[in-house]
Structure formats: structure tokens, C-alpha cells
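This report refers to the structure that appears directly beneath it.
What follows is calculated from the coordinates using simple rules that are stated; it is not laboratory data. Just so we're clear, the structure is a prediction, and the values are computed from it rather than from any experiment. Heads up, the Cβs are rebuilt from the backbone with ideal geometry, glycines too, and the neighbour counts pull from every protein chain shown.
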Amino acid sequence: MSLGTGDRTAILGRVKEALRIEAPLKHPAERSAGGEPTTAHFREWLPPVGGSLDERFELFARLSETLKSELHPCADMAEAAVILAGLAKEGNWKTVALHRGDLIDALAEVLPPELETMRLKPGYDKDQLEACDAGITECDLLVAQTGSVCVTSKSAGGRVLSVLPPHHIVIARRSQLVTDLTEAYASLAAKYRDGYPSMISFITGPSRTGDIERILVLGAHGPKRLTILLLP
Amino acid sequence: MTTHAGLPRHQFQQDANLTANDGPRREAVRKALGNYQTARNRTGATFTDWKSARNAAATIKHEALNHLDRYLEEFEQKFTARGGKVFWASDSKQARDYILKLAKEKGVRSIVKSKAMTGEEIHLNEALLEEGYGVVESDLGEYIQQLKGEPPYHFVFPCMHLRRDEISDLFHRELGTAQTNSPEELTMIARRVLRRAYVEADMGISGANFIVADTGMISITENEGNARLTVGLPKIHVALIGIEKMVPRLGDLALFLPMLATAGTGQHLTGYNSMYGGPRQPGETDGPEEFHVVFLDNHRTRLLADPEQRDALHCIRCGACLNVCPIFKNIGGHTYGTTYQGPIGSVITPHFRGLQDWKHLSGASSLCGACTETCPVGIDIHHHLLHNRRNAAAQKPASGEGLLWKAFVFLMKRPALYRLATKFAPLGGLLQPLLEHVPFNPLHNWTETREFPQAPLRSFRDQFRAHQAAKTSQAKGGAR
Ligand code: SF4
């Protein structure tokens, strides 16, 4: 295909020409000794999290509640299975969509037998996924500061399993909880040293909108419910 | 909104008048913004030090913009290495033509779009529809505005001016759905229609909130999940992005995402913050086969070339300056007649679309500084409005104004003549009402909304002299 790159040279030329005079920095950051503020500093200004794992967990739980995410600490996979069976019954689920992964595979073993499962593979049928009652995924991280679940196209079965079905279930371990976004990005950088997945997404609560009179409505396009099953 | 021929400033005056007199509409806007303010104050208060965070954000944006060439090239190199394509568009037409050509070449039939103000800026939807492509806006607010055939009212809250009954009427008329006054039911109606659009579309068009140089990614912030679906399901993803959206490092988002959420909607973090670095990678289950980033200049380099105003490009489009602006609250979003409304729109539009045609926007400010105060990246917005006023006047002094000042100086230099003039000044007050009925009343613009000042029959000078005389005679009397 020969659509070209357009006015690359001209635009870069205009940018270079425009930048011949540096603009004054009107609000210098306190902590930059002549240089840029480093990501290590952000933490000192943003909402505090607390040092211990328990404090982090407590904040995550509190934010989940405000965000209307449903957080269920589970002692083991069996307890997770019980909760899931309850949700399936309550939501009258027929089919759930899953991907492959250690936690997911273990969970798949203990799903209610009458529940049909769709395992996402490349080239899956979009309509079939759209018709599923829930999507179950793993995640990369949980973020205490913001109450977010971080998924990627590698960890959560691609781009849309975590957002197309009306109920998103995340299965995670307590050790995946990090303090804040700074730690999350550092951790992702270490994990994906050989190449990032094509998508990283911080999911903060179920899908929502305030577009009508700024009144909160859940489930605008994505999941109406977000359930986090948290294993030790 | 009415349609106008004529100059932007005439349209502005006419619409400002209409909205300012539309009590219920202003009430709806005020209520929506009241809800916003409560949420924002609550979340803002959880920051350990908002001001330092803001200065850091300003510093990082300064770094990104003042080395933009380097960062654009770094992005391009990283992004293309992972299979993405970059197209550089100097103006609207070039961007539109590229997307149209791409759609044609790939045999695209239907398009779904997530919110992109750059799309509004280049009138992309109109161009696509003209060529016969169906294009559906998937953000709820944008979808409502698209159905209504109106541009967004606010670049973050597109339909904030509409009441639920108006939206229900609109859905009833356009989609044949039953009337309801529940925001929840209205949202579900849109949900049902739009889910089909994602599954069927073969091209997804998005904007972006940030370009990340060091990892070659773009970052999209949204609440609904519509952007996730727009760039997840179709086989081609096109992102149309202004070149100024740059941040140097992925880690910088750890600062910008919470600040954007807090300032924009009063959330700790917006529902979905997603970074995309290339099309579907080997081993991944889904995602687009092609990912095109279209970089848009469209006069941004003109603003970049002005070191004094360059920081106006730091804007992360959170919308906070609109939300706190007393002018916005009273004249509403459509009155601006611009893609970007409110204080920041008034700053940048004259650079993008011509200073003389859009200088009236710099006048539409009380210079209260609420915008500057609230801006998460420390743009001195109201100072920029003053700069625009100064530049506009320097470029083209107001006709007649120079003459008026000359006459004034002439008078001031001749005390006798000045005294004589003050004697006749009250006559002006008597003559002015007669002018009201003259077809081209030169004072019309002033007197339409203001009282004509009446000169007192006795000047200050006369009164002072009389006062002094009285005092002296009293003093004399007292001494006796
Ligand atoms: S100028 Fe500042 S407050 Fe206004 S939209 Fe841009 S970033 Fe937000």
C-alpha cells in the first residue's frame, strides 16, 4: 500500500523552526534540580496510600466499594468457585467466556457443570462473544491508590474479553496488589522487558457514564458489573 | 443553536444573547456543573500536594513541547517498529483524505468512532458520510449529539446542556423507542444500538489523550468502555491525534492520569485508561491488524512558534476551565462557535483560525482567573487572553479609536478648551436619546446593554471651587 507518510519532513521542519527560541518555564517543579521531575517524586504529591500491605489492601477495598466494584477475598479456589456459582445462578448465566492461563484453567475445573464455556482463540466469533453472559479473566496487577485492575492483551485473553460481556470477573492473587500507578508502570516494564503487549488497560470500576445530567449510570457499553475474586 | 451567515463575532453576540436569556437551559448547565464541582473538590482534597503535582505536570509538558521534534521522531520509530503506521497531516484536508483513501483501499463498509475532538476539528464525520461511509459515534454524549445533528456542547461533557426529557424525545423520534425519564433506561437504549455497531464495524477511529514517546504508545482515557471496543473489535484502527499530546515517558502517566481524572470529572481515575502500542502482536488473541496514527498539525506549529504562548499547547483537555468559567456558564458551549469551547478554546482558536476573526473570544472573559487557578497543567489562561487582545490590537488598531485618543490628548493639553468642553458635556446626555432611533447609531453597541453615562450639570472642578469658597466663608464666619 502506498499511502505514504504525508508531510513528515515539512511538519518536523516547522516544529524545529518553531522551537528555535525556548519558551520560559512558568511553573517550575519544586523538586527538579534543573531537570525533569522524576517519577519517583509523584508519590509525594498524589493521594497517599500507606506503607504496609494491609493498608494498601484496605484502601483498595474502600475504593472498590465507592467504585461499585465487587471485591471478594477468597481463601482458596474452592471458595472462588462457590462465589462464581452464586453469581451464575443469580445472573441466570448460560455461557461464560474465558481465556487460557494458570488461574483461569484451575477455575474452569470447578465451574458449575451446566455452564457452557467459550475459550477465546484467535479468530473467535465476535457475535458469539457478544452473546456471552460473563467474561472471566486474569489480570497483571491491582492498584491500591486508584482501586484499579490492570489488564493487558497478554494477561487477559486479548483486548475485548474484559470489556464486551456484561459482567467481568477478574481472578487475582493478593500478591498482585501494588501501591500506585508509578509502581504499576515499573512492574509492567520489568515484566514485559522483551516487548509490551499491544494493550495495557487500567480498569477502574464497571463501565460508567454521567453523560445524561451528570448522573452516574453503570454499564454504558462495557460491563455493568465488575467482580474481583482475590485469592491469597 | 441557530444558523448564521456573517462573521463569527456576530454569531457569537447573537447566540450569547439567546443563551443568556434562556433561564432553564442555564439552570441545567449550572446543575450539571454543580455536581462536577462537588466531586472535584472531594477528590482534589485527597492529593497530598496538588500544587506541586501541577507544577510537575507543567514541567513535564514543557519538556515535551520544547523538544517536540525529538519526541515525535522517537514515537514514530518505536511505533513503526511494532507494526504501526504514522501519517503526518499538515491540515484538515490532508488528514481527511488519508482516512478516506485508507477506507476505500481496505474496502471498509462501516465505521465506529470513539470520542475525538480532532475529528470535530477536521469535520471528519461529514467527509466520511459524504463518501457514503456510515459512521457511528460511540461515546454516549457524542452519540446523542450526532443524533441531534449538533456539535458537542462541551469537549468533555458533549450533551451536558440537555435534560433527560429532551434526550427521551430525541430517542423516541430517531430510534422509535418508548419515552422514559430514567437516565439508566436511556443509557441502555444507546447501549443496545451501539453494541451492534462495534461488532459490525471494520474500521475504528479514535483520538488520544497522550502520545507516549519512549514506548511508542498512545493513551486513551474514557469511562464507558466504548473506546476499548472501538479499537478492539474492528480490523483497522485509526487514531487521529494533535501533535501536542506528547509526554516523554510511559511513567509520566502515573502523574497525568490521576490529574486528568480529578480535574476532568472529579474521579480518582477515569473508568478505562488504556495504552496502545501497535496493532495486534504475535500470539495475541484479537486486536486490529492495522493501526494508523495520523498526526495532525493544523496550525499547532503556529502556536508552537510563539514562545510566549507555547504553553497553551500543554492543555490536556480536561475541561476544568470551562466548568469553572462564569462566561461559559452563562453563554453556553455552542455560542463559542469553535471546536474547543471555553477559556482554552478562546486562547487557541485565534491561533488556529485567524486572530482578527476570532479576537472577540478574548474579550469574552471577566479575567477573573478561575480558569488559571483550576488548570491542572498550570496554563496561565487568562493572561493568554490578554496577550491575544494585545496582539490583535497591535496587528490592527481599532479604527476610530486612535482618532478618539488624539482628540482627547488635544483637549487635555488645552485647559481652557477642556473647561469649555465640560460645560457642553451635559448636552450629550440630552442628545443621546435622539440617536436611539437613527438607523446606524454609532453608540448602539454600547447603549444596547448599558446606560449612557449622564454628565453632571456642574463639573467636578466647579463643584470643588464652590465647595472651597463655602469653606473659606464658613471659616471666616467661625473666626468671628
Ligand atoms: S487549559 Fe487547563 S483547565 Fe483548560 S482544558 Fe486545558 S488542561 Fe484543562
Output yes when any residue across segment A:73-83 is of a type outside the set (D, E) and at positive phi, and no when none is.
no
Can you go through B:I236, B:I243, B:I167 and tell me which one is crowded, with 23+ Cβ neighbours inside 10 Å, under 30 Å from B:E74 (Cβ atoms) and either more than 11 Å from chain A (Cβ to nearest Cβ) or not acidic (D, E) (or both)?
B:I243
For B:R280, indicate whether it is of a type outside the set (A, V, I, L, M), under 23 Å from A:A189 (Cα atoms), within 8 Å of chain A (Cβ to nearest Cβ) and crowded, with 24+ Cβ neighbours inside 10 Å.
yes
The condition of being touching a Ser or Thr at 6+ places or on another chain (Cβ under 7 Å) and within 30 Å of A:L46 (Cα to Cα) holds, among A:G135, A:G147, A:G158, only for A:G147
Looking at segment A:6-23, which of its residues are within 7 Å of another protein chain (Cβ to nearest Cβ) and not in a helix (DSSP H, G or I)?
A:G6, A:D7, A:L19, A:I21, A:E22, A:A23
Members of segment A:193-218 found to be more than 7 Å from chain B (Cβ to nearest Cβ) and under 27 Å from A:A80 (Cβ atoms), listed by number
A:P206, A:L218
Note on segment B:308-337: residues closer than 20 Å to B:P376 by Cα and part of a loop (DSSP other than H, G, I, E, B) are B:E308, B:Q309, B:C315, B:I316, B:R317, B:C318, B:G319, B:V324, B:C325
Test B:H444 against the stated conditions and say whether it is within 30 Å of B:D306 (Cβ to Cβ) and of a type outside the set (S, T, N, Q).
no
Of the residues in segment B:319-341 that are touching a Pro at 6+ places or on another chain (Cβ under 6 Å) and under 25 Å from B:G207 (Cα atoms), the one that is farthest from the ligand (Cβ to nearest atom) is B:G337
Answer yes or no as to whether B:E289 is more than 10 Å from chain A (Cβ to nearest Cβ), away from the ligand (no atom under 16 Å from the Cβ) and more than 20 Å from the chain's Cα centre (by Cα).
yes
Residues of segment B:23-59 being part of a helix (DSSP H, G or I) and acidic (D, E), in sequence order, are B:E27
Those residues of segment B:261-278 which are out of contact with any strand residue (DSSP E or B) (no Cβ under 6 Å at 6 or more places or on another chain), within 16 Å of the ligand (Cβ to nearest atom) and within 18 Å of A:S207 (Cα to Cα) amount to B:A261, B:T262, B:G264, B:T265, B:G266, B:Q267
So, in segment A:149-191, how many residues would count as being in contact (Cβ under 8 Å) with a residue 40 or more places away in the chain and part of a loop (DSSP other than H, G, I, E, B)?
15
Hey, could you check segment B:61-96 for residues that are among the aromatic types (F, W, Y) and facing chain A (nearest Cβ under 9 Å) and say which is surrounded by the fewest Cβ atoms within 10 Å (Cβ to Cβ)?
B:F87
Please tell me if B:G345 is within 11 Å of the ligand (Cβ to nearest atom) and in contact with a Leu (Cβ under 8 Å, 6 or more places away or on another chain).
yes
Could you list, in sequence order, all residues of segment B:365-388 that are more than 6 Å from the ligand (Cβ to nearest atom) and within 12 Å of another protein chain (Cβ to nearest Cβ)?
B:T372, B:G378, B:D380, B:H383, B:H384
Just to be sure before I move on: is B:R173 within 11 Å of chain A (Cβ to nearest Cβ) and assigned to a helix (DSSP H, G or I) in the structure I sent?
no
Among the numbered criteria (1) under 21 Å from B:E142 (Cβ atoms); (2) part of a helix (DSSP H, G or I), which single criterion is violated by A:P206?
(2)
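Residues checked against (1) within 26 Å of B:F171 (Cα to Cα); (2) part of a loop (DSSP other than H, G, I, E, B); (3) of a type in the set (A, V, I, L, M, F, W, C):
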| site | (1), (2), (3) |
| --- | --- |
| B:R192 | yes, no, no |
| B:A261 | no, no, yes |
| B:N273 | no, no, no |
| B:P288 | no, yes, no |
Set B:T19, B:T48: member being at the interface with chain A (Cβ under 10 Å from one of its Cβ atoms) and β-branched (V, I, T):
B:T48
Every residue in segment B:29-82 that is in contact with a strand residue (DSSP E or B) (Cβ under 7 Å, 6 or more places away or on another chain) and within 16 Å of B:L255 (Cα to Cα), please.
B:I60, B:A64
Selected residue (only one of B:A263, B:A227 is in contact with a Cys (Cβ under 9 Å, 6 or more places away or on another chain) and crowded, with 24+ Cβ neighbours inside 10 Å)
B:A263
Can you pull out every residue in segment A:119-148 that is under 16 Å from A:L103 (Cα atoms) and either facing chain B (nearest Cβ under 10 Å) or part of a strand (DSSP E or B) (or both)?
A:R119, A:L120, A:G135, A:I136, A:T137, A:L141, A:L142
